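What follows draws every value from the coordinates through simple rules; no lab data is involved. Just so you know, these numbers come straight off a predicted model, no measurement behind them. A quick note on method: Cβ atoms are made from the backbone with ideal geometry, for glycine too, and the neighbour counts reach across all protein chains shown.
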Amino acid sequence: MDPHRRLEDVPYEGVTVELLARIREGDDGAWEELYRRYHDDLLFAVRAHLGPALRSHLESEDVLQSVAIQALRVLPRFEPRGKGSLRHYLHCMIVNKIRDRAAYYGAAKRAGDQRLETGDVADLSEGQPTYRDGERFERLERALRLLPPDQERVVILRRVDGLSSKEAAELLGKSEVAVRKLYSRAIARLGSLMGEEKR
């Protein structure tokens, strides 16, 4: 994967709008196609947001499937509001799901019970590999983890979550100019790391 390519540009928005229209008409096949199209991108988002502690208790695929169940309930009423709006909506659902599970785990740990249940999960990908395009996303994930923490964070905010420089700057407590420079260095380093892995 080209690290300069914006993840929010994939999958193609026109097809997404068509699939949403079919979902509103009750076409189950459209939902399955939409899930396949977004699967790797959203699974990558889950894995990028899960820290080491939660990874030891939560399966990334389970988090994604739980979000998919929520999405299935609301998508018939979802109206796209510009390019990338569905992707942004689904990413927000992922972040909220992970926050909920982190809070649940924290409470369970304080109570002496370290089990973390994944909850409302449907088996939507039985027999499928974790990533459908494993080589591409696994290489990107490995390279991302090799970045310094501040660079990894800014890449997740900008490329994975699709935030603007201004929005990322507010979250990071930095100036917009500083975030742009940090992001530029991070993307350059990410490309270098992925190039090294190819050799």
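For the reader, a short list of remarks on this structure follows.
- Under the criterion of Cα pairs below 8 Å and six or more residues apart, the relative contact order for region 146-199 equals 39 percent.
- 3J(HN,Hα) couplings calculated from phi for region 25-35 with the Karplus curve 6.51 cos²θ - 1.76 cosθ + 1.60 (θ = phi - 60°) are, in sequence order, 8, x, 7, 5, x, 5, 4, 4, 5, 4, 4 Hz; Gly and Pro show x.
- Here Arg132 and Cys92 are evaluated by their C-beta separation; at R0 = 30 Å the FRET efficiency comes out at 0.85.
- Rounded Å value of the spacing that divides the Cα centres of region 178-195 and region 53-101: 27
- The packing ranking of peptides 84-95, 37-48, 19-30, highest mean first, is 37-48, 84-95, 19-30, where packing means the average number of other beta carbon atoms within 10 angstrom of each residue.
- The coefficient of translational diffusion for region 146-199, derived via Stokes-Einstein from the alpha carbon Kirkwood radius under 4 °C and 1.567 mPa s, stands at 116 µm²/s.
- A full extension of the chain between Arg24 and Glu79 corresponds to an added length of 18.8 nm, given 0.36 nm per residue minus the alpha carbon distance.
- Modelled FRET efficiency - R0 35 Å, Ser184 with Glu32, Cβ distances, 0.05 increments: 0.35
- Once the Cα-Cα distance is subtracted from the 0.36 nm per residue extended length, the Lys166 to Ala103 segment shows a gain of 19.9 nm.
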